[in-house]
Amino acid sequence: MTSSFQRRLVLHLGVAVVGLGLLAAAAQFVLAWRELRESQDDMLRQVAMLALRHPGHEMSAPGRGGLDDHDSRIHLAMLPIDPAPAWLGSAMTPGLRTLDTRAGRMRVLVLRQGPYTAVVAQATDARDELAWNGALRALLPSLLLVPLLIGLIRRGVRREFEPVVQAARRLEALETVQGPSLELRDMPAEIQPFVDAIEGLLGRTRELMRQQQRFVADAAHELRSPLTALALQARNLRHAKSLDEARLRLVPLEQGIERARKLSEQLLDLARIESADAPRESVDLAALGRELLAMHFPVAEQRGIDLGMEAAELPPVAISAPLLRTVLGNAIDNALKYTPAGGEITLRIAALADGARCEIIDSGPGIEPNERDQVFKPFHRLAGQEVEGTGLGLAIAREAARRIGARISLHARDDQRGGLIVRVDLPGGRAIVADES
């Protein structure tokens, strides 16, 4: 069951208000009770002092046993004018006291002045009833205010959460993340960081979707050209008048099929790299380099390219072997495409202070500094190059490097022989940017 933050907040505040209200009411009740009891004692003193000021007044005439006050039930006796009450006994010491009598429990005040003694008494049950009723009347407004305060808290909390509710409705009304920015502002300070994080996530999602849309459009365009060429070549093959002519026309058809197959594989590789996990394992870089060179040796031998490796002794590194193989394999494959016949390609593996560095060094035409960032974009091809390719090799290498936390960069050779260096700094190594002059 979904828990409501607003309901829990109102509940907690309500419980706190009720608890504090009850404590305040209890304190108010006790204080009112004591104050009323003290006021009743003061009333007894006032009655006694009034009687002592006028000892011969008719209010203290012989035989008078009480005042005409039914609610207070105060009894007054003036000694020696009135006979001493039977319940008084020997308790003639001046002062206030509570006595248990046959008529019940009574609060008694004895006050002397000259030859006269005033005895004022009041039944404690009457005192308690008056104090109880007075305390309840003082307590009643506070008890009535507690529900009102809870209602005000609920209304205030609901009003403060109204921007959050409105923001949720706006988010729910979005049909696509490509819509305009929500610009959710005027939120509570506690909610604003969460709202900013949501807007940031939506912005990154929009950018990612735009990139995917561009990628899909570029992929569709790149696939359309070879498929159109394949259709034309298949049509030409159908009109061949001899077997030799058919074999001759079959060669470009096979080449077109191979290019389409290579493009499809690279698209799948790029999609797999973007979605797959990258578990780390212990990798021997020298052994991995020899494996990659063995895979590409037939192509290098066919083109007369000297393919070699320079590897320093270094301990295994913890990295994803499949993704590292993808990074270095695409870099070597790209170097084989652009290195002319009779050239050379070297895979150099060196240790850094806290990591390792792999470099693929070729003797090809190289890349101008202002083009080195562009070649990592999907389907980007260098102008003026006659080498056929899909434009995905370095894009795949960069994405695989990003997944394993490596850094791939392009540099010019510093031996004035021309060519390009594809440098891969592995996790833990210092990503040193060399002079790209």
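The values are calculated or read from the model by the stated rules, or taken from the named source; none is laboratory data. Everything numeric in this text was worked out from a predicted model, so none of it was measured. Cβ placement follows ideal geometry from the backbone for every residue including glycine, while neighbour counts extend to all protein chains displayed. Heads up: the accessible areas ignore ligands, DNA and RNA and are worked out on the full protein's heavy atoms, side chains in. Shrake-Rupley method; radii C 1.70, N 1.55, O 1.52, S 1.80 Å.
Compare T93, T124 by solvent-accessible area with a 1.4 Å probe and give them largest first, with all protein chains kept in place.
Descending order: T93, T124.
As an exercise, use a Förster radius of 56 Å and the Cβ-Cβ distance of A312 and A234 to find the FRET efficiency, rounded to the nearest 0.05.
0.60
Between I191 and R280, take the C-beta separation as r, use R0 = 51 Å, and let me know the FRET efficiency to the nearest 0.05. Intermediate values should be presented prior to the final figure.
Details: r = 38 Å, r/R0 = 0.75.
Rounded to the nearest 0.05, the efficiency is 0.85.
Given a 1.4 Å probe, how much area per residue of segment 272-343 is accessible, in Å²?
About 53 Å² of surface per residue is accessible.
If each of D100 and W132 carries a label point 7 Å out from its Cα toward its Cβ, how far apart are those two points in nm?
For the pair D100/W132, the computed spacing is 2.0 nm.
Calculate, in nm to one decimal, what E38 and L23 gain on full extension: separation in residues at 0.36 nm each, minus their alpha carbon distance.
The E38-L23 span can extend by a further 3.1 nm.
Can you list the residues, at least 5 places off or on another chain, whose amide H is less than 5 Å from the amide H of A311, using H built in the peptide plane?
When sequence neighbours closer than 5 places are left aside, the close amide H contacts are I349.
Can you give me the solvent accessible area of R348 with a 1.4 Å probe, rounded to the nearest 10 Å²?
Near enough 90 Å² of accessible area.
For I361, I198, what's the largest-to-smallest order of accessible area, 1.4 Å probe?
Descending accessible area places them as I198, I361.
Applying the Karplus parametrisation 6.51 cos²θ - 1.76 cosθ + 1.60 with θ = phi - 60° to the phi angles of segment 363-369, what ³J(HN,Hα) value in whole Hz is obtained for each residue in order, glycine and proline being reported as x?
10, x, x, x, 9, 5, x
Determine ³J(HN,Hα), in whole Hz, for all residues of segment 96-113 in sequence, where each value follows from phi through the Karplus function 6.51 cos²θ - 1.76 cosθ + 1.60 and θ = phi - 60°; x replaces Gly and Pro.
Values per residue, Gly and Pro as x: 9, 7, 10, 10, 9, 10, 5, 7, x, 7, 9, 9, 10, 10, 10, 9, 10, 8 Hz.
Beta carbons within 10 angstrom, averaged per residue: use that to sort the peptides 351-359, 230-238, highest first. Write down the numbers at each step before the final one.
On the way: 351-359: 16.8, 230-238: 13.9.
In decreasing order of mean packing, 351-359, 230-238 become 351-359, 230-238.
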